[in-house]
Amino acid sequence: MKRKRIVVLGATGSIGESALKVAHDIPDRMEIVGLAANSNALKLAAQANQVRPEAICLVDESRVGELRAALEYEPQIFSGERGLVEIACLAEAEMVLVAVVGTGGLQPALAAIEAGKDLAVASKEILVMAGEIVMREAGEKGVQILPVDSEHNAIFQCLDSQRERPTPNPPSPGTGSAVASVQRPTFNEEVRRLILTASGGPFRNTPASEFEGITVEQALKHPTWNMGPKITIDSATLFNKGLEMIEAHWLFGVEMKRVEVVVHPQSIVHSMVEFSDGSVLAQLSHSDMCFPIQYAVTWPERVPNSLPPLDFGKLRQLEFATPRSDDFPALNLARRAGETGGTLPAVLNAANEVAVSAFLARRISFPRIWQTVSAVMEKHANVAHPDLDAILRADQWARLEAQKQAGD
Ligand code: NDP
Ligand code: MG
């Protein structure tokens, strides 16, 4: 048995906290060697004092003094955006868990790939923005991209049964054999559909006529998952599922038209794969991110833990329904962005981020989130097969445009 040495970017967030729990639960398999956060100096210090990684990073340089004062030992301290890239390349680390909300994880993720680290990716933003680049670079470097997002981790688990190990990532469309790992040539013929499950969020049954009056408090009450505020709002608009469709497309190299969404309010089935013979495999567990984080860390092996097993006697029912795409336009907007490709997914992602902030600050109404995203997408002059600079320029353009649209 080997302990995997891991750097956690976004340690103080919801995924970061779960990662610390997993490390505590399976100490023989997981060792945290680096922790990074944005500005929450006291929480980062408390985590570091508990876990004792050799390196930590706080992006907000103005709070490093506060961090230092609260530490009970002397780790190496990085700071600033540069520091985040440096800790992602830490010599001792084998894997980097990217769990930064927003787009701040992209550059460190690319640097970690370049440094030969495997990535466990929770930050779907980086695959939505730059999936083509991330998968190509990972293929060229021969590093693994292990999905942590519960749906993608579920699909990854279902696909695992299909493949010779160790092969997590099939070729992305257009990249052919550039992706390292041994591949089954028939992967795309064997997989008919990827079916992402969505809880439907708190407004699954709310009539569209009531959307205008939805409050921040109502939107932050997720029925099944306990997550950070940005992704919780995305779950309410279904933009989260839209982003996940694009994420799946890049991770698994499956065209957008074969990535579907089904509403499953209990969040027990985390996603499914339908194969060419009509058989469907699903992955089930309680809705706790410790499950997918652990699998990403121990893959391709499975190890016991203290997480609760499913009690099928108590589950009673698992429901499935078609999403209300007309009432929740996020799904169609994301499908269009994913099918068009180029810089449009980055534009959708950035415009949505700005609109969600404006909604959380009570400056715009709930439906204005997707109206803003749609308006910004309409105005965008798309760039096909963009390089990183073009993606970052599109991201910046979309943020400014969304601020105008949202009346900021
Ligand atoms: P949270 O808001 O709970 O936490 C965000 C984390 O990112 C914090 O540690 C924060 O630090 C850090 N952070 C924010 N901005 C930066 C930055 N510019 N540079 C470095 N660190 C930064 O988010 P979640 O944990 O909910 O989500 C993290 C990512 O995982 C998102 O991409 C989300 O989509 C994805 N994800 C989350 C799931 C969940 O269950 N929560 C499920 C599936 C995917 P600080 O505390 O200092 O601000
Ligand atoms: Mg998810």
- [ ] Name every residue in the range 8-36 that is under 18 Å from the mean Cα position of the chain (by Cα), hydrophobic (A, V, I, L, M, F, W, C) and open to solvent by 10 Å² or more (accessible area, probe 1.4 Å), in order of residue number.
- [x] Ile15, Leu20
Open item on the list: Where the second residue is more than 14 Å from ligand 1 (Cβ to nearest atom) and the first is of a type in the set (Asp, Glu) and lies in the range 120-145, which pairs have Cβ atoms under 6 Å and are six or more apart or on separate chains?
Closed with: Glu137/Ile113
Open item on the list: If Ser287 meets every condition in (1) free of Cβ contacts under 8 Å to residues at least 60 places away in the same chain; (2) within 23 Å of Phe203 (Cβ to Cβ); (3) not acidic (Asp, Glu) apart from one, which number is that one?
Closed with: (1)
TODO: Among the numbered conditions (1) closer than 20 Å to Asp234 by Cβ; (2) within 22 Å of the chain's Cα centre (by Cα), tell me where Arg324 comes up short.
DONE: (2)
TODO: Output the residue which, of all residues in the range 37-54 that are open to solvent by 20 Å² or more (accessible area, probe 1.4 Å) and not in a loop (DSSP other than H, G, I, E, B), is nearest to ligand 1 (Cβ to nearest atom).
DONE: Lys43
- [ ] Could you look through the range 223-258, keep only residues that are within 15 Å of ligand 1 (Cβ to nearest atom) and either polar (S, T, N, Q) or over 17 Å from the mean Cα position of the chain (by Cα) (or both), and pick out the one that is surrounded by the fewest Cβ atoms within 10 Å (Cβ to Cβ)?
- [x] Asn226
TODO: Could you check how many residues of the range 128-147 are closer than 20 Å to Gly338 by Cα and within 16 Å of ligand 1 (Cβ to nearest atom)?
DONE: 7
Task: Number of the exception - His24 against (1) closer than 26 Å to Trp225 by Cβ; (2) touching a helix residue (DSSP H, G or I) at 6+ places or on another chain (Cβ under 7 Å) - done: (2)
TODO: Check off (1) part of a loop (DSSP other than H, G, I, E, B); (2) of a type in the set (Gly, Ala, Ser); (3) closer than 22 Å to His249 by Cα for Ala350 and give me the number that stays unchecked.
DONE: (1)
Task: Qualifying residue in the range 74-81 (condition: within 21 Å of the chain's Cα centre (by Cα) and under 25 Å from Val121 (Cβ atoms)) - done: yes
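Can you go through Gly34, Gly16 and tell me which one is in contact (Cβ under 8 Å) with a residue 24 or more places away in the chain, assigned to a strand (DSSP E or B) and under 20 Å from Glu86 (Cα atoms)?
Gly34
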TODO: Considering only the range 217-240, state which residues are in a helix (DSSP H, G or I) and either under 20 Å from Asp327 (Cβ atoms) or within 14 Å of ligand 2 (Cβ to nearest atom) (or both).
DONE: Gln218, Ala219, Lys230, Ile231, Thr232, Ile233, Asp234, Ser235, Ala236, Thr237, Phe239, Asn240
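If I ask for residues that are part of a strand (DSSP E or B) and surrounded by fewer than 19 Cβ atoms within 10 Å (Cβ to Cβ), which ones from the range 270-281 would you list?
Listed by number, the residues that qualify are Glu274, Phe275, Val280, Leu281.
The values are calculated or read from the model by the stated rules, or taken from the named source; none is laboratory data. Everything numeric here is computed off the predicted structure, so don't read it as measured data. Because the Cβ atoms are built from the backbone with ideal geometry, glycine has one as well, and the counts that use them run over all protein chains shown. Note: areas computed on protein heavy atoms with side chains; ligands, DNA, RNA excluded. Shrake-Rupley method; radii C 1.70, N 1.55, O 1.52, S 1.80 Å.
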